[in-house]
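A short worksheet on the structure shown next.
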């Protein structure tokens, strides 16, 4: 059975993530131990015990999710069979590249820890926010964002998650205007999100510069199987291309629905979401219901049943 892997992004973290997995499977415990050694602090204890207010910080949540995803794969690698391709939502694209051999686990972990710090700092330098717009077509959301932007504040579509679900991002005032105007423009709901910055928008340009400088000194290999880019929604074939797109990803929108459709063109028999949570399989049901998707990572019993 050919399989497509989905790797979750920020927001999937939760206290106790990976704890039951590490207790049951030595391969998963080894991944968490290695992460603690690489980072120089007990990330595993933060994942398993919290406190939540520390875990949700961008600099902690991003490495935590990557580690959990790689730990799940360490347990399941022999049972999953041949992987046809992979994609990751935002941060999750780094996880996908570890699975594809584009990046080593250590290099990816160090990079995402820095990525989280840079994104947080960018949010302090130019405060921004995000909101989920439900029940509108992509083009309608884009028009809403243009109308809410002006010469001093910007609002853009940041995550094209699924039909009828787009997340917007930008300066606080511009996003507020978009949220207030959304119902009259046809939205079913407009939900402000609690975030530390305007991710996947021009407000992250400072973080983009810092990440580029770091990744230029990081070894990238050609992926063993295609990884679909958030930026282009097309498969990545080379290491240098992967590096460039991971940098551009910070200020570009996540084209998730289009990415999943690109994966479908390769004809996978099933999708598997590796890591914490079930968000991506939930989105998958709205994009490609005909092809099954299973969330793996939170339940050792589910893994044992494979």
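Screening the candidates 39, 109 for the property of being over 23 Å from residue 281 (Cβ atoms) and crowded, with 22+ Cβ neighbours inside 10 Å yields one hit, 109. Annotation note: of 80, 103, 91, the sole residue that is more than 12 Å from the chain's Cα centre (by Cα) and within 20 Å of residue 232 (Cβ to Cβ) is 103. Looking only at segment 276-292, filter to residues that are outside any helix (DSSP H, G or I) and within 17 Å of the chain's Cα centre (by Cα); which one of those is surrounded by the fewest Cβ atoms within 10 Å (Cβ to Cβ)? Out of the qualifying residues, it is 278. The number of residues in segment 258-275 being closer than 24 Å to residue 201 by Cβ and surrounded by 22 or more Cβ atoms within 10 Å (Cβ to Cβ) comes to 2. Looking at 181, 122, just one residue is at pLDDT 95 or above and closer than 23 Å to residue 211 by Cα, and that residue is 122.
Close contacts from segment 168-195, counting a first residue that is without any contact (Cβ under 8 Å) to a residue 24 or more places away in the chain and at negative phi and a second that is surrounded by fewer than 20 Cβ atoms within 10 Å (Cβ to Cβ) and in a loop (DSSP other than H, G, I, E, B), with Cβ to Cβ under 8 Å and a gap of 6+ residues or different chains, come to 173/153. For residue 102, are the conditions met, namely being assigned by TED's automatic domain parsing to the domain that holds residue 12, surrounded by 22 or more Cβ atoms within 10 Å (Cβ to Cβ) and farther than 20 Å from residue 276 by Cα? So residue 102 fits the description; yes.
The values are calculated or read from the model by the stated rules, or taken from the named source; none is laboratory data. Since this is a predicted model, take the numbers as computed values, not measurements. Heads up, the Cβs are rebuilt from the backbone with ideal geometry, glycines too, and the neighbour counts pull from every protein chain shown.
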